[in-house]
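Asker: This is the structure, below, for whatever I ask next.
The values are calculated or read from the model by the stated rules, or taken from the named source; none is laboratory data. Everything quoted here is computed from the prediction, not taken from an experiment. Glycine also receives a Cβ, built like all others from the backbone with ideal geometry; neighbour counts cover every protein chain displayed. Heavy atoms of the whole protein, side chains included, go into the accessibility calculation; ligands, DNA and RNA do not. Shrake-Rupley method; radii C 1.70, N 1.55, O 1.52, S 1.80 Å.
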Amino acid sequence: MSEEIAVIPGDGIGQEVVPVAVDVLDAVGDFEFVHADAGDAVKAETGTALPAETREAVEAADATLFGAAGETAADVILPLRSAVESFVNIRPARAYPGVDALRPETDVVFLRENTEGVYAGHEDDLSDDLSTLTRVVTSSASRRLAEFACEFVEAGRGPDGTEGFTVTHKANVMRKTDGRFRDAVVSVADERGVETDEELMDAFATRLPLYPDDYDVVVCPNLAGDVLSDLAAGLVGGLGLLPSANVGEERGLFEPVHGTAPDIAGQGVANPGATVLSAAMLLEFLGYDEDGQRVRDAVEGVLADGPRTPDLGGDATTEQVGDAIIDRL
Ligand code: ATP
Ligand code: MG
């Protein structure tokens, strides 16, 4: 069976790094690629940042590989995440041999709730002085996330084959919303016999940089996951190497954590690592675990031995790094 993969490079360096990841997928599998547009450039041309045919391509595909969108990012990525009905955002942060990192021992996977919290909340301006935000937390979405987290660690997909996870929240202050989140997550884990630690998210933000070894899989509400995974990104050496996956029941959307990088776009020197590692997550999502691991190993080999792009202290181009990865495959 050849699965269908929607490919949306988007804007900026998305145009440069996504083709590398497509070549990598092509080298390891037999996929049908469907190219689609989204972002600033297509908006300038057609008036809409997310054309209907792009959304349809994503809904029809088994998985989507996305690059980045500029000013229109929120108009593109939020509807695309909902087009794949993604309930969890997976963000691994690990340091690689040969890459400068503040905390090289960091190896942690964030499982971030992807549908609610403050990002799904309703904002209002109530007066010249007052704005409010309603936060949304359901037991069902929290339980769905927890079930995914349990399956994730049961399958040995966490760092070091960890069998438990940490859940972060601020239920001591937001007793109803984070209280509901915490209770749902912990009770699912208890039902399934999966061990959990709890950590208040502020304490977690202090402890992660100090003791990165203490953490493997971290389950978070939406906003907390956004912030804490960026904190972890800082520990492992920046954005060029961080992949992410938006996973739904049937479809997934895979994208680098970085944006369009306007400062280097068009120069052909963007690091394709984050997008290629996102493609590895796509392979695993489709059930090709061995191929995903092969891709990861190839990236790791190139990071260790070069060539490297300028963000990692090298002078190679995106294309040269891509060729080196494919040579190793
Ligand atoms: P956007 O508004 O699209 O998010 P941004 O200005 O926030 O863009 P990012 O893409 O988030 O930029 O990148 C932040 C910094 O990290 C920039 O200096 C950028 O050059 C660098 N960077 C991000 N991704 C890469 C990459 N793949 N390779 C090299 N440098 C990168
Ligand atoms: Mg950015």
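Asker: Could you please state, rounded to a whole Å, how far the C-alpha centre of segment 34-57 is from the C-alpha centre of segment 70-127?
Answerer: Distance between centres, Cα-based: 22 Å.
Asker: According to the square roots a ≥ b ≥ c of the eigenvalues of the Cα gyration tensor, what is the shape class of segment 101-236, taking rounded for a/c under 1.5, prolate for a/b larger than b/c otherwise, and oblate for the remainder?
Answerer: Working: a/c = 2.28, a/b = 1.38, b/c = 1.66.
Here segment 101-236 falls in the oblate category.
Asker: If you don't mind, there's one more thing I want to ask. How would segment 251-327 be classified by its alpha-carbon gyration tensor: rounded, prolate or oblate, with rounded meaning a/c under 1.5 and the a/b versus b/c comparison settling the rest? Numbers along the way, then the final one.
Answerer: On the way: a/c = 2.76, a/b = 1.39, b/c = 1.99.
The shape class here is oblate.
Asker: Further question: I'd like to know how the chain sits against the 2.2 N^0.38 Å rule of thumb: what's its Cα Rg over that expected value? Display every interim value, and only then the final one.
Answerer: Values: Rg = 19.4 Å, N = 329, 2.2 N^0.38 = 19.9 Å.
Normalised by 2.2 N^0.38 Å, the Cα Rg of the chain equals 0.98.
Asker: With the dipole of segment 101-236 worked out from charges on the C-beta (+1 for Lys and Arg, -1 for Asp and Glu) around the Cα centre, which of GLY121, PRO221, ALA101 lies farthest toward the positive end?
Answerer: Of the candidates, GLY121 comes out farthest on the positive side.
Asker: Given 0.36 nm per residue, what is the gain on full extension from VAL136 to GLU71 after removing their alpha carbon distance, in nm? Could the numbers behind the result be given before it?
Answerer: Numbers: separation 65, 0.36 × 65 = 23.40 nm, distance 2.63 nm.
Answer, rounded to one decimal: 20.8 nm.
Asker: Please give the calculated 222 nm ellipticity per residue for the chain, where each DSSP H segment of at least 4 residues contributes -39500 (n - 2.57) and the sum is spread over every residue; nearest 500 deg cm²/dmol? Can you show the working numbers first?
Answerer: Numbers: 11 runs with 140 residues, N = 329.
It lands at -13500 deg cm²/dmol.
Asker: Where q = 0.16, 0.24 Å⁻¹, what log10 of I(q)/I(0) comes from the Debye formula for segment 4-111, counting one point per Cα?
Answerer: These q points yield log10 I(q)/I(0) values of -0.82, -1.27.
Asker: Using θ = phi - 60° and the Karplus curve 6.51 cos²θ - 1.76 cosθ + 1.60, what whole-Hz ³J(HN,Hα) does each residue of segment 251-264 get, with Gly and Pro shown as x?
Answerer: 3J(HN,Hα) across segment 251-264, in whole Hz: 10, x, 10, 10, 8, x, 6, 6, x, 7, 6, x, 5, 10.
Asker: Please find, in a Gaussian network model of the chain (springs between Cα atoms separated by less than 10 Å), the residue of GLU191, GLU154, GLU163 whose mean-square fluctuation is greatest.
Answerer: GLU191
Asker: Near the amide H of VAL136, under 5 Å away, which other amide H atoms are found, from residues 5 or more places off or on another chain, if H is placed in the peptide plane?
Answerer: GLY117, VAL118, ALA120, GLY121
Asker: In Å², what does the accessible area per residue of the chain work out to with a 1.4 Å probe?
Answerer: On a per-residue basis, 44 Å².
Asker: Taking N as the number of residues in segment 81-135, what value does Rg over Cα atoms divided by 2.2 N^0.38 Å take? All intermediate terms of the calculation are to be shown ahead of the outcome.
Answerer: Numbers: Rg = 18.1 Å, N = 55, 2.2 N^0.38 = 10.1 Å.
The reported ratio for this selection is 1.79.
Asker: Got a number for carbon plus sulfur as a percent of segment 82-155's accessible area, 1.4 Å probe?
Answerer: On the way: 1690 of 3580 Å².
C and S atoms contribute 47 percent here.
Asker: In addition: Shape verdict for segment 120-167, please, from the Cα gyration tensor: rounded (a/c under 1.5), prolate (a/b greater than b/c) or oblate.
Answerer: Values: a/c = 5.94, a/b = 3.30, b/c = 1.80.
Cα axes put segment 120-167 in the prolate bin.
Asker: Follow-up question, since we're still on this one. So who's got an amide H within less than 5 Å of the one on VAL109, skipping anything under 5 residues away but keeping other chains? H placed 1.01 Å off N, in plane.
Answerer: ALA93, VAL217, VAL218
Asker: Got the relative contact order for the chain handy, in percent, Cα pairs under 8 Å and 6 or more residues apart? Walk me through the numbers before you get to the answer.
Answerer: Working: 729 pairs, mean separation 75.0, N = 329.
After rounding, I find 23 percent.
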